[in-house]
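Please read the structure below before turning to the comments.
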Amino acid sequence: MHRHPQENSKSSNRWSFISILFCSLNCVGVIATTLGVAVVFIPAVRTQLIVKSHQIETKNNQVQLQQQLTVPPLIEKNNISHQQPKTFEIKAIPFAEEVIPFNQIFALADSSNNQKELSKIPPPKTSLLPLTNSQPLILNPHSQPQVTLAFSDPVSLLAHKSSLKLAQERSAPQNQIESQIINETNLQSNLPINQPPNPQEIKLKLADVVVLVLANNRTIKNAYLDRIIQRKDLEVAENKFAPNFTPSLSFTVDQLGNNGITSGNPGVDLDTQIFVKIPTGGEVSFGWTNNNQFSNLNDNSFLQSLNLGFSQPLLRGAGTQINKADIKAARLNEQNNILALKSILSETITNAILAYRELLQAQERLKIQQLALKNAEDSLQITQALINAGREAPIAIIQNQASVANQEVSVLAAQNQLEGRKLALLQILDIDQNTKIFAAELPTIKPTILEFNNLKEIALKNQPIYLQSQLNLERSKIEVLLADNDKRWDLNFNVSLNNTTNTSTDVRTGISLSRSFGDLSREQRPERSRIELRKAQISLEDSRSTLEIQLADIIRDVNLSFSQVKIAQQATELSEKQLDVEQQKQKLGRGSGIFQIIQQQTALVEARNAELDATINYLNTLTNLDLLLGTTLNTWQVTIEN
């Protein structure tokens, strides 16, 4: 089928017109696109040129941060020098799109007034956050105060003159104050030191605490009151063989009546009796009687008589061993009472020392928390400055605020604990609870070499509980001896002599034998005494075994505690280094963030508290070792006079 030539010509013209129209539209699009790019590109290039120009001008005007500048640490080591606080400023800069090095933000002041302002950086037009007209932030780095300790005069006190004497040499004249700076590689170099305490506070050292507790503690006073009675008991027992002298005088009048006549005959009687017990069990008696009668008829009478007697048991109650057993038992009781007094003194002194160290621990923990709070506040100020400078987002300050709040809670808890420790020590010392006291003696850590066999010998000679077990065994042996004596028959030899002025002398000699039957207590007492003796032997063995186990255990605790102190000191040093590294990273703009620094600060506080706890625990373990050995009184030169 063929089309007409005229129709083909019309179709060709139509397609040519469509092609020309399409090309025209393409040209218009290209021209419009070119114009749009030019419109967008030209302002962008102009803005970029402005930013580059502003950055060059900013870098030329900024002062570089000195390398010595660090964020103040929690606690400086070795409080030796007293450096003046320096100040530096942080100027606000915008949060630009391009990262600016961190060391271009700060400048440390070294001028005479310790302040130097950074040149104000004009904000670029492309800043994401607008600048605020805030005041420059002044930061004070951590200053190290010069710390001095006032050493009090050791006091010589004669506590309870009848029994206790505390001898201490005077190491300095009265009211002399010696100052020294703490610079040792021990707890003194690691623990935080605050300003000297309130002048109204009483500075106490361990020697002062021992003196006060011996002089004022009510438990010790009651113990010495008991000693008065205990001494009287011993005197009574030792007075067994002393003569007993009993004189008597009487005056009588006889009234006689006969047929209404009354007469009176007065009389005077004088009587004397003397009894003496001898160690063999015998008893000597002497009696003298004088009777005088007076009458109106001049018929006076004078009567005088003399009596002598001697009785010696031959079976029951015979022998010096039996008769001196009571005195020996009383002396054993006296030794036991002295050991009990030593135990009370040692335990009271130990409790006072432990309470003193708890007070010192509470003081140092409060200092740690206070410095941690100050460091958290400084970090908060730094973060606020970074936010004002555009280096941190505003939300970053929430972590610092939470850290400050947590540290404030810790400070309040430490203050409450400190007040509780003060009251506990005041209660032991028995002084006014309103007295302000301050533990002024910082502990020194020294290694101690402990040898089990040597310490065992010392403990067996001085440990009160073990020595009391030995005395209890000796008393049980005496009880067995007396119980066996009760089972014997009563066989006594008796001699008597009677002489009067009106009669002849009467002398009598005889032997008496007696025995009670049906009294089961005579059989019960020996059996019970032997059971008590066996129990005393078992108790002595148990005391010795317990002492050896406790000694080995506490020696291990001492060695472990010393190792914990060394490890805690290393952990503190590592925590300080980690915190310093994070601070340097933050200074260079490469840190992990504020949260990491806060975490390291918290870790350092925990490390310092752990070191403090380990140190106090080590010293307390040594004090408990001294108590276990029974040498606490020897350590503090306290003697008990018999």
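The values are calculated or read from the model by the stated rules, or taken from the named source; none is laboratory data. From a predicted model like this one, the values you see are computed outputs, not experimental measurements. Positions of Cβ are backbone-derived with ideal geometry, glycine not excepted, and every protein chain shown enters the neighbour counts.
Each row is one residue, and each column tells you yes or no for (1) farther than 24 Å from LEU482 by Cβ; (2) modelled with pLDDT under 75.
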{"position": "LEU234", "(1), (2)": "no, no"}
{"position": "GLY260", "(1), (2)": "yes, yes"}
{"position": "THR289", "(1), (2)": "yes, no"}
{"position": "SER295", "(1), (2)": "yes, yes"}
{"position": "GLN304", "(1), (2)": "yes, no"}
{"position": "LEU314", "(1), (2)": "no, no"}
- Query: Quick one: would you say LEU513 is farther than 30 Å from TYR618 by Cβ, hydrophobic (A, V, I, L, M, F, W, C) and in contact with a strand residue (DSSP E or B) (Cβ under 8 Å, 6 or more places away or on another chain)?
  - Reply: yes
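Based on what the data block shows, is ILE368 surrounded by 16 or more Cβ atoms within 10 Å (Cβ to Cβ), in a helix (DSSP H, G or I), at pLDDT 95 or above and not assigned by TED's automatic domain parsing to the domain that holds VAL268?
Considered against the rule, which asks whether it is surrounded by 16 or more Cβ atoms within 10 Å (Cβ to Cβ), in a helix (DSSP H, G or I), at pLDDT 95 or above and not assigned by TED's automatic domain parsing to the domain that holds VAL268, ILE368 comes out as no.
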- Task: With respect to SER545, determine if the residue is small (Gly, Ala, Ser) and surrounded by 12 or more Cβ atoms within 10 Å (Cβ to Cβ).
- Result: no
- Note on the structure: Considering residues that are under 24 Å from ASN559 (Cβ atoms) and out of contact with any Ser or Thr (no Cβ under 7 Å at 6 or more places or on another chain), the number found within the range 440-486 is 18
- From the list ASN336, ASN416, pick out the single residue that is surrounded by fewer than 22 Cβ atoms within 10 Å (Cβ to Cβ) and under 27 Å from the mean Cα position of the chain (by Cα). ASN416
- Being farther than 16 Å from THR602 by Cβ and free of Cβ contacts under 8 Å to residues at least 24 places away in the same chain narrows it down to one of LEU386, LEU426, LEU418, so name that one. LEU426
- Query: Would a scan of the range 377-386 turn up a residue that is more than 24 Å from LEU622 (Cβ to Cβ), in contact with a strand residue (DSSP E or B) (Cβ under 6 Å, 6 or more places away or on another chain) and crowded, with 19+ Cβ neighbours inside 10 Å?
  - Reply: yes
- Message: Can you pull out every residue in the range 463-496 that is crowded, with 19+ Cβ neighbours inside 10 Å, under 27 Å from SER516 (Cα atoms) and either among the acidic types (Asp, Glu) or within 38 Å of the chain's Cα centre (by Cα) (or both)?
- Response: GLU479
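Every residue, every condition in (1) β-branched (Val, Ile, Thr); (2) in contact with a Ser or Thr (Cβ under 6 Å, 6 or more places away or on another chain); (3) at pLDDT 90 or above, yes or no:
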| residue | (1), (2), (3) |
| --- | --- |
| THR500 | yes, yes, no |
| SER514 | no, no, no |
| ARG534 | no, no, yes |
| ASP553 | no, no, yes |
| VAL565 | yes, yes, yes |
| ALA568 | no, no, yes |
| GLU582 | no, no, no |
| LEU588 | no, no, no |
- Residue pairs within 8 Å by beta carbon, gap of at least six or interchain, first lying in the range 439-459 and not assigned by TED's automatic domain parsing to the domain that holds GLN569, second at pLDDT below 95 and of a type in the set (S, T, N, Q), listed first then second, are none
- Check on GLN363, assigned to a helix (DSSP H, G or I), crowded, with 20+ Cβ neighbours inside 10 Å and within 33 Å of the chain's Cα centre (by Cα): yes
- Can we say GLU523 is outside the structural domain of LEU386 (by TED's automatic domain parsing), exposed (fewer than 13 other Cβ atoms within 10 Å of the Cβ) and either assigned to a helix (DSSP H, G or I) or modelled with pLDDT of 85 or more (or both)? yes
- Query: If a residue has to be among the aliphatic types (A, V, I, L, M) and touching a Phe, Trp or Tyr at 6+ places or on another chain (Cβ under 7 Å) to count, how many in the range 509-527 make the cut?
  - Reply: 2
- Identify, by number, the condition in (1) of a type in the set (A, V, I, L, M); (2) assigned to a helix (DSSP H, G or I); (3) out of contact with any Asp or Glu (no Cβ under 7 Å at 6 or more places or on another chain) that LEU306 doesn't meet. (2)
